[in-house]
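The values are calculated or read from the model by the stated rules, or taken from the named source; none is laboratory data. Worth saying up front: this structure is predicted, and the values here are computed from it rather than measured. Neighbour counts run over all protein chains shown; Cβ positions are idealised from the backbone, glycine included. The area values use the complete protein model at the heavy-atom level, side chains included, leaving out ligands, DNA and RNA. Shrake-Rupley method; radii C 1.70, N 1.55, O 1.52, S 1.80 Å.
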Amino acid sequence: MNQAPNRSSVSLRGVEIAYGPVRVLDRLDLEVAQSEFLVLLGPSGCGKSTLLNAIAGLTEVDSGEIWIGGRNVTWEEPKDRGIAMVFQSYALYPRMSVRKNMSFGLEVSGMKRPDVQRRVTEAAAILQITELLDRKPSELSGGQRQRVAIGRALVRDAGVFLFDEPLSNLDAQLRAELRTEIKRLHARLGATMIFVTHDQIEALTLADRIAVMRDRRIQQLGTPHDVYMRPANKFVATFVGSPAMSFLSGHITEGRVFETSTLRLDLSGYAFTAPPSVGMPVDLGIRPEHVVLAPGEAAAIPARVELVEPMGSDLLAWTRIGEAALTVRLSAETPVAPGDILPLMFSTRRLNLFDAQGERL
Amino acid sequence: MVAAAKRLRIGSRLPAQIALAPALLIALVLYCGTTSWTVWISLTSSRMLPNSVFVGLRQYDVLANNDRWLASIANIATFGALFMTAALTIGFLLAAMIDQKVRAESLLRSVFLYPFSMSFIVTGLAWRWMLDPTLGFEKLLHDIGFADAHFDWIVRPDRVIYTLVIASVWHAAGLVMAIMLAGLRGVDREIWNAARVDGLPTWRIFVFIIIPMMRGSFATACVLLATSVVKLYDLSVAMTNGGPGIASEVPAKFVMDYLFERGNLALATAAATTMLITVVVVVAPWYHWQGRKARMAGIA
């Protein structure tokens, strides 16, 4: 808003949380820079919401420290942490008008009436909900309710915005619309934002960095491009990207060649993180759009088409090489039908190799 | 085809109609029938036995000048106001307390709900003994050394109605707690979290956010408590038998006494009719308002 932008970094140091004997977060370290948009992505039960609640101060940590804006807030109340939060179920106060929903917290904190009014008016203008200010939440649509909830967070003028799956309850079109709006809001305010979701599209479109979580741990922390193109392990590779990455199981032979019962692939262009040993079993991951049709190419691998799904802008061919399944994204005009044999080639640079433990090679 | 479908529909409805007929008959004959008979008797000069000598509103005139009836009305008003306020407040506080993830939740729930499983007669007797100055609390206080302690409300005409309130609140608070607890559990956890992030103190969260969300629970509890106020009879009989003097008389007891002990059917039915009209006058606007709200919700 008008005053100097309020931006805080967030830093988690060795945070652990357990509910009784059930551990929800293992010693977790995370640095979120000022003005960064960080997305916590993972399946339900991975601990991402718990982590967000811990940052908000709604869940107590068992050990470790939480720093916000250079201050140790581990034992502070949510209201003193300089955060604002938006919830999945909107969590609006149902008997209060939109205006009251946005102003109530400020009024209780002792802020002067004109200041409260000014902030509410400004936030409402940013979110285009000015004409809704005197309505009750029950008279609003889901998208409008979530705008109001964002407005309530906005007036707090916090350094960090926390979003707990804010778009999950909306239908697909509204979700996309509000997603863009949140991204625009981030660009405008420059505030630090931490956004929890299980939707990889939201993560890829919104994030400066994504933290992919599973089983109480961060599996990979990186830019959307990194996470998509160089997944740290097989879980991340499968979870991010739609349709999912296909895997071919085989092993490494002499001269860095990937071999299965039906194909041989020269890996000399692949950037190994560690030198592979001969004979080790590996999984080769291939994204659907990293496969190209190579008619007339001698080295092309033949794949039998089982099913074709036109997607409008392009089409997906579900094929098999021997027994292994491989999904291929082709341009919408490609003449292809079930039963066809497609000559395919892979760009070695874009392949992903995982060892038997599922870690990237 | 159409005819067959129609026959089928009637055919499928018939058993349901037959099954409902006895209930409908009972409702008509017992409720409407006896109610109209009561109203009719209140307009006659019946004494021990019903007769058909129409005397107009004379019994209501008598009733309006009957000290005992007037005392009953005043008592039930005091009792109703205090009992409903106290039962709702204490019930809600118990529920709010139990909702704080306390350890022995199910045990506490049972303990608080337990009094409700006892009849008013038992409740009345138990409290009669506990409040008796020569047996109960006062004697206990004397025995442990507080020689000046006084708690003789049950034998004081100006205080005895409060003892009825104490006993019935003890009886009903657990039920209110159960209703309120269900209401509290229905409040989304995220509302609490949002309020905490907003920095609202707990009492403000309750007063301005949670309680307004629990209108349904409060309405349910109010209706149940209000019916027990109107019906209040056995507690008064068991605890004080309307005394000392007529200090704890209540309308239902007035009706019963005049029906069976004093043999004045007409006056008793006039009192009963007055009670009925009062309840209708109170309930009808509320009923109308609920109906309108339901219709509006239907449109929206």
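A few notes on this one:
- Mean silhouette area of the range B:114-258, derived from the convex hull of its C-alpha atoms and averaged over all directions, reads 11.8 nm².
- Ranked by solvent-accessible area (1.4 Å probe, protein heavy atoms only, all chains present), the residues B:C32, B:C222, A:C46 order from largest to smallest as B:C32, B:C222, A:C46.
- With protein chains left intact and a 1.4 Å probe, residues in the protein assembly as shown average 50 Å² of accessible area per residue.
- Mean per-residue shielding of peptide B:184-197 is 6, counting Cβ atoms of other chains within 10 Å of each Cβ.
- For chain A, share of DSSP beta bridges that run antiparallel, in % to the nearest 5: 75 percent
- Ranked by the mean number of other Cβ atoms within 10 Å of their residues, highest first, the peptides A:247-253, B:19-25, A:97-103, A:181-187 fall in the order A:97-103, A:247-253, A:181-187, B:19-25.
- Rounded to 5, the percent of DSSP beta bridges in the protein assembly as shown classed as antiparallel: 75 percent
- Neighbouring partner chain Cβ atoms per residue of B:206-213, average, 10 Å criterion: 3
- Summary of packing: across the peptides A:275-283, A:82-90, the per-residue average of other C-beta atoms within 10 Å ranks them, highest first, as A:82-90, A:275-283.
- Dipole magnitude for chain A: about 1160 debye, using +1 per Lys or Arg Cβ and -1 per Asp or Glu Cβ, origin at the Cα centre.
- Under the criterion of Cα pairs below 8 Å and six or more residues apart, the relative contact order for chain A equals 16 percent.
- Accessible area of A:R304 in the full protein assembly, 1.4 Å probe (Å², nearest 10): 100 Å²
- Rh (Kirkwood; distinct C-alpha pairs) - chain B, Å: 23.2 Å
- Shown in residue order for the range A:20-28 are the 3J(HN,Hα) couplings computed by the Karplus curve 6.51 cos²θ - 1.76 cosθ + 1.60 at θ = phi - 60°: x, x, 8, 7, 10, 9, 8, 2, 10 Hz (x for Gly and Pro).
- For the protein assembly as shown, calculated [θ]222 nm from helices alone, where every DSSP H run of n ≥ 4 adds -39500 (n - 2.57): -13500 deg cm²/dmol
- For the range A:74-99, heavy-atom accessible area (probe 1.4 Å) falls by no less than 50 Å² from the chain alone to the full protein assembly at A:F87, A:Y93, A:R95.
- Protein accessible area in the protein assembly as shown, 1.4 Å probe - carbon and sulfur %: 60 percent
- Amide H contacts for A:L28 (H built 1.01 Å from N in the peptide plane; partners 5 or more residues away or on another chain; cut-off under 5 Å): A:G14, A:V15, A:E16.
- Between the C-alpha center of the range A:199-271 and that of the range B:119-174 there is a gap of 76 Å.
- Accessible area buried, both sides summed, chains B and A with 1.4 Å probe, Å²: 1800 Å²
- Within the shell of other residues whose beta carbon sits under 13 angstrom from the beta carbon of A:G279, the net charge comes to -2, with Lys and Arg scored +1 and Asp and Glu -1.
- Computed from phi, the 3J(HN,Hα) profile of the range B:200-207 under the Karplus parametrisation 6.51, -1.76, 1.60 (θ = phi - 60°) reads 7, x, 3, 5, 5, 4, 5, 5 Hz, with x in place of Gly and Pro.
- All Cα pairs of the range B:117-181, percent lying beyond 21 Å: 34 percent
- Equivalent ellipsoid semi-axes, the protein assembly as shown, via Cα gyration tensor eigenvalues times 5, rooted, Å: 72, 33, 25
- From the Kirkwood radius over Cα pairs of the range A:5-78, Stokes-Einstein at 4 °C and 1.567 mPa s returns a whole-number translational diffusion coefficient of 102 µm²/s.
- Counting, for every residue in A:54-67, the Cβ atoms of other protein chains within 10 Å of its Cβ and taking the mean gives 1.
- Solvent-free Debye scattering, log10 I(q)/I(0), computed from the Cα coordinates of the range A:302-361 at q = 0.14, 0.20 Å⁻¹: -0.47, -0.81
- Of the residues A:K136, B:K231, ranked by 1.4 Å probe accessible area with the largest first, the sequence reads B:K231, A:K136.
- Given A:K79/A:K100; A:K112/A:K183; A:K48/A:K183; B:K231/B:K293; A:K48/A:K136, the pairs whose alpha carbons are separated by over 22 Å: A:K112/A:K183; B:K231/B:K293; A:K48/A:K136
- Remark on the range A:246-354: hydrodynamic radius 14.5 angstrom, per the Kirkwood mean of 1/r across alpha carbon pairs.
- Accessible surface of B:D143 - all protein chains present, 1.4 Å probe, nearest 10 Å²: 110 Å²
- A probe of 1.4 angstrom, applied to the heavy atoms of all protein chains, finds A:E297 with accessible area near 100 square angstrom.
- Sequence-distant aspartates and glutamates (8 or more away, or on other chains) whose Cα lies within less than 14 Å of B:K139: B:D148, B:D152
- Largest to smallest accessible area among B:K101, B:K293 [probe 1.4 Å]: B:K101, B:K293
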